[in-house]
Structure formats: C-alpha cells, structure tokens
Amino acid sequence: MPIAALAADLHRAMERQEIDVRFQPQVHLIDGRIVGVEALARWHHSRLGELGAETLLAAADRAGLGVALSDHVQALALRRAAEWPDLLSGLRIAVNVTATDLSRAPFVSRFLARVHEAGIAPGRVTAEVTEGAMIDNLRAAGVALAALRAAGCRVALDDFGTGYSSLSYVASLPLDYIKIDRSLTQAAVSDARNRVVLQGVLSIADGLGLETIAEGVETEAQRLLLAARGCTFYQGFLCAGPLDDAALIELVRRGAGKGSDMMPIVPILIAAAAAATPQAAIDAAMADSAAGWNAGDLARFTAIYAPDAVYVAGDKVVRGKAAIAERYARSFADGGNTRGKLSFQPMAWRPLSAVHVLHVARWTLTPASGVPQTGLTTLLFERRKDGWKIISDHSS
C-alpha cells in the first residue's frame with residue numbers, strides 16, 4: 001500500500017489503539033543477563049497486519065503526525081514498563097527521541113513529566129537519539145540531553161557507525177551509551193576493514209568512559225567477536241526479536257534467553273591438550289563452521305597453533321605460548337596496572353569462525369599490600385598467510 005494511503009489510515013489508527021509497542025532485549029555480553037529493552041513501535045493494521053517501525057514512521061511523517069506518534073509511543077512504553085512485575089523491575093527501558101522531539105520546547109520538562117506520569121523511576125529510562133536528530137543544533141541538543149541526565153535518565157547515541165557518524169557528537173554530547181549500527185556489527189565478522197572500524201569505535205567509547213550496545217547481533221560468531229573486542233551489551237535475534245510483555249516476562253523467567261544458554265564467554269573448558277595431529281587435519285577442521293568444532297578440535301588447536309602465535313612489540317618478537325603472557329602483561333602495562341605480581345590462568349579456547357579463535361584466561365593482580373584483584377581477559381587469534389597472529393586483547 002502506498003505511504004500516502006497509510007498516512008490517511010494513521011489518523012484513525014491511534015484512535016483505535018492500533019499502535020502498540022514491542023520490547024527487544026539488551027543483553028550483557030559477558031554473563032548473558034538481560035539488562036534492558038528497547039521499545040519499538042508496531043502498527044496492527046486492520047487489513048495489512050503488523051507493520052514495523054520504519055513503515056509507521058514514514059506514514060507519520062507523510063501525515064504530519066510525527067509529534068503525536070512519538071508522544072503516544074513514549075508514553076505507552078513507559079507506562080507498560082512501570083506495570084511490569086517484580087521480575088522485570090530492574091530492567092532499563094530505552095525509548096526513541098526524534099529530531100522533532102528535541103526541537104520542541106520545552107522538550108526536557110515534557111519528557112520528564114511523561115516519565116513521572118508513567119510512574120517509572122528516571123534511573124530506569126534511556127533516551128535514544130540518532131545523530132541525524134542533532135545535526136541542526138548540536139549545542140541545544142547537548143543542553144537538553146545534559147538536563148535529562150541530571151534528572152537521572154541515561155542517554156544513548158543510536159545507529160553509530162552509519163550515516164553521519166561524526167566523532168564530534170561523541171566528544172561533545174553528554175552520553176552514557178553508544179549503539180553500534182547493525183550494518184557494522186554484521187560486517188565485522190567477515191571483513192577485516194570493518195573489524196578495524198569496529199575496534200576503533202569500541203576504543204573511543206572505552207576511552208570516554210561510555211558503554212556500548214551492538215545492534216543486529218544474529219549469530220554466535222558476531223557475539224563472540226564483540227565480546228573479545230570489549231563491547232558491553234548486544235541486541236538482536238540471537239537472543240530475541242521484539243517481544244510483547246508476556247513473551248518478555250517468560251524469557252526473563254527462563255534466565256535470559258538464547259544468549260544466556262551460551263554464556264559465559266568460556267563455555268568450553270579444556271583440561272589438557274590432545275596429542276598433536278598433522279597440520280592438514282587441523283586445517284580441515286578449521287575449514288568447518290565454528291559450530292562443527294568439538295573439544296578435541298580445540299585441544300589440538302592449542303597444541304599445534306598456539307605455540308606458533310607471534311606478538312611483535314617494537315623490535316621485540318615473542319613466539320610460542322610466551323606470546324600470550326607477553327600480550328596480557330603489555331595490555332596491563334599500557335593501562336598502568338603493573339604495581340604488583342601479575343599472573344594468568346588459561347581457561348578456554350573458543351572458535352569464532354574458520355579463521356578466528358578466542359583465548360580466555362583469568363588474571364590476578366597481587367599488590368605488595370592490599371587485596372588481590374581478579375578478572376577475565378581475552379585474546380583474539382586470526383589466521384593469516386604467515387600464520388596465527390594475536391590481533392586483539394581485552395580485560396575486564
């Protein structure tokens with residue numbers, strides 16, 4: 001149906017309560033907990049069935065109902081979240097804020113009044129804003145978003161990695177999260193250049209003290225790559241699509257959904273490496289999909305390939321298993337965390353793809369005096385023409 005015809009229908013749709021919201025979970029990449037949801041608009045059209053947010057927003061713009069639709073969806077999402085049972089009372093709710101919303105004075109007081117009327121704590125609310133919504137007046141947008149944060153709400157920059165993707169927004173705006181666009185999330189697994197861009201975004205966010213949410217995560221390989229590179233949360237069909245309230249409650253009750261079944265990041269523990277096998281056999285195993293690997297394959301990988309890992313630091317070249325400890329130690333040194341004895345306990349190896357393997361270890365930093373600190377650290381191996389190389393590390 002043409003957008004013009006849908007626009008005409010939309011005038012009546014809100015009166016008939018045909019506009020609804022669904023909630024897509026946001027999942028912690030390390031422990032698999034569902035920590036929040038994004039509210040997404042849906043139109044239950046009387047003849048066409050369920051229409052998604054993109055079609056709905058296009059019709060609203062055509063009908064001049066963008067403001068009314070935004071008000072309706074925000075109020076409905078906040079009210080529904082406030083009514084959730086105790087099981088979901090800790091979940092954050094993210095609602096989309098449009099360019100028109102930001103330009104309408106007084107945006108801040110109107111938004112906070114909506115939060116108050118819904119009966120939900122501001123600390124559970126995140127306002128998601130796209131870069132395009134702020135392109136006309138970055139300073140005014142920054143003032144408005146700072147006021148939301150001062151009231152206890154959080155702010156996310158949506159769809160980063162596509163469109164404008166101006167670093168000035170990240171540096172200038174009062175943000176809590178950067179949401180990585182699905183196009184970058186999905187391209188990074190198979191394309192080295194996109195992995196570099198992804199790592200750049202994650203490094204910038206980490207340097208600015210921001211958390212990251214990757215959108216469009218649909219495969220285990222994508223999830224593992226994001227975890228290895230230091231992303232905080234993910235959102236996508238790997239866990240669940242947009243859900244109604246009942247389905248969301250059931251998902252949380254089951255314990256965080258599909259992503260949780262594969263968590264934490266070290267699901268395969270290898271007690272000892274198996275006997276070495278011919279390289280051709282390992283190459284054949286590497287050609288299989290990640291899902292086809294078993295503990296024996298991984299054990300053989302650790303016995304044959306890990307000793308060939310290479311780490312170059314300036315003029316220093318370290319080979320073999322010492323490369324792993326060297327990389328960990330240098331990572332901590334770069335962060336200024338070398339006061340004390342640093343030790344590592346290897347925990348697991350896990351394939352991401354035919355050419356990527358993740359190594360996970362537990363680190364312990366024992367200071368001369370005080371309480372020892374511990375956490376997880378990961379190395380990402382990539383197979384290249386000249387052998388396996390450590391291409392990324394992250395500690396938490």
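Rule-based calculations on the coordinates, nothing more; no lab input. In this text, all values refer to a predicted model and were calculated from it rather than measured experimentally. FYI the Cβ positions are ideal-geometry reconstructions off the backbone, even for glycines, and counts take in every protein chain you see.
For Thr232, Thr374, the sequence from fewest to most other C-beta atoms within 10 Å is Thr374, Thr232. Computed over segment 3-261, the P(r) tail beyond 26 angstrom holds 41 percent of alpha carbon pairs.
Given +1 at the Cβ of Lys and Arg, -1 at the Cβ of Asp and Glu and no other charges, the dipole of segment 3-261 around its Cα centre is 260 debye to the nearest 20. Here the label points at Ser109 and Ala192, each 7 Å from Cα along the C-beta direction, are separated by 5.8 nm in the simple model.
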